[in-house]
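Down below is the structure, laid out as structure tokens.
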Amino acid sequence: MTMLSHLNELHSELMSGRYKVGRYHSFIIEEPKKREIQTLPYANRVVQHVICDDLLAPYFLRHTIVDNCACQEGKGAHFALDRFERKLKDYVRQHGRTGYFLKCDILKYFPSMPHTLLKQTVCKHIQDEKIKKIVRDIIDSYHSGKSFLTKYGIEPLGADGKTTGRGIPIGNQTSQVFGMFYLDKVDRLVKEKLRFKVYSRYMDDFVLLHQDLEVVKLALEEIKKTVKELGLYLNDKTQIFPIKNGVTYLGFRFIMTEDGRVVKVVKKATKRRLRWRARLLKKAYLEDLIPLERVKSSQAAFHGHLTHAHSYKFEKELESKLTFEHKGEKE
């Protein structure tokens, strides 16, 4: 069959209601941390691409707060970091180093996502019944394993006893949209009800700041209630700490100095990972496994990432690791 024939057949399945989500293929990635990724056959990915780009993403983008920064055109990690840094600087100018951070993280966000509540949250914004069915089928096409959920103290929700009723696959494009929007209730709580000025969320990682410790404690209790209503759990990394301790967010550490400056540096774990990648690149190049252009491309990526922090010395260190000076090494 030609590509056009495949597309015609796919269109026919969608319009007639015969469309089915295929079987997932799973594989493991190790960087930046170990994760299991699930991918679908090509035809299913085409369907998700259309649904996300033409329907879900444009709609939900218009219905999110600006400080929800993940998986949206014109936003991303560096947008979140730059906006958060600006807010920190404004805060420090006004309050100095008086105040407390609340840093929250959802326990196994994608694997623990409850199907019933997720379908309600997403589908109430969709009018077309055929699209609703496709979205429901995509959500119900994957379930996290019971043993995995039990390991982390997460309650399975499957009514039939065979499936857990939780989990969306990290490799699905729809999962990125679902994950971006599902915590909108938390965003609204923090920004519109509690009215925090310093707040940022990137998927399931979010942080807020206020000068009054009791206000921050109250916010934590309210967030716990809302997260529970969403069928999710906060993990052990959720904590309150003084602003003078600094805060780590999206791979960077923000330090508030005594003289009123906000300094952004690369966190230690990221430095270790980049040093390891630089050594690996050099070894691969010297063994003729990759061309010099690949090394230069990675150096450019390092530079693009590190320009967002005070990291001149560390960037020079990485450059030295990728300099080929000795006899036998390549220029």
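Per-structure values
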item	result
Nearest-0.05 FRET efficiency for V66 and E9, computed from C-beta distance (R0 30 Å)	0.10
With every protein chain in place, segment 14-97: carbon and sulfur % of accessible area (1.4 Å)	54
Centre separation in Å (Cα based) which lies between segment 246-273 and segment 97-167	32
Additional length obtainable on full extension of the chain from Y24 to D160, 0.36 nm per residue less Cα span	46.8 nm
K146 - accessible surface, heavy atoms, 1.4 Å probe, Å² rounded to 10	130
Net charge, K103 excluded, C-beta distance under 9 Å - Lys, Arg +1, Asp, Glu -1	-1
Coil-residue chymotrypsin sites (Phe, Trp or Tyr not before Pro) of segment 150-181, DSSP, other Cβ within 10 Å capped at 14	Y152
Förster radius 56 Å - calculated FRET efficiency between T116 and F324 (Cβ-Cβ, nearest 0.05)	0.45
Per residue value of the accessible surface for the chain (all protein chains in place, 1.4 Å probe), Å²	56
Calculated semi-axes √(5λ) of the Cα gyration tensor in Å (choose from (1) 38, 24, 18; (2) 36, 31, 18; (3) 33, 28, 23), label	(2)
Most to least packed among 297-305, 77-85, 10-18, 110-118 [average Cβ atoms within 10 Å]	110-118, 77-85, 297-305, 10-18
Fraction of accessible area attributable to carbon and sulfur, segment 136-291 (%, probe 1.4 Å)	51
For segment 232-243, Karplus couplings with θ = phi - 60° (6.51, -1.76, 1.60), whole Hz, Gly/Pro x	10, 9, 7, 8, 5, 6, 5, 7, 10, 8, x, 4
Whole-Hz ³J(HN,Hα) from phi, Karplus 6.51 cos²θ - 1.76 cosθ + 1.60, for segment 259-267, glycine and proline x	8, x, 9, 10, 10, 10, 10, 6, 6
S200 long-range amide H proximity, modeled H, under 5 Å	V207
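The values are calculated or read from the model by the stated rules, or taken from the named source; none is laboratory data. What you see is a predicted model, and the numbers here were worked out from it, not measured in a lab. Positions of Cβ are generated from backbone atoms using ideal geometry, with glycine treated the same way; all protein chains shown enter the neighbour counts. We work out accessible area using only protein heavy atoms, side chains counted, and drop any ligands, DNA or RNA first. Shrake-Rupley method; radii C 1.70, N 1.55, O 1.52, S 1.80 Å.
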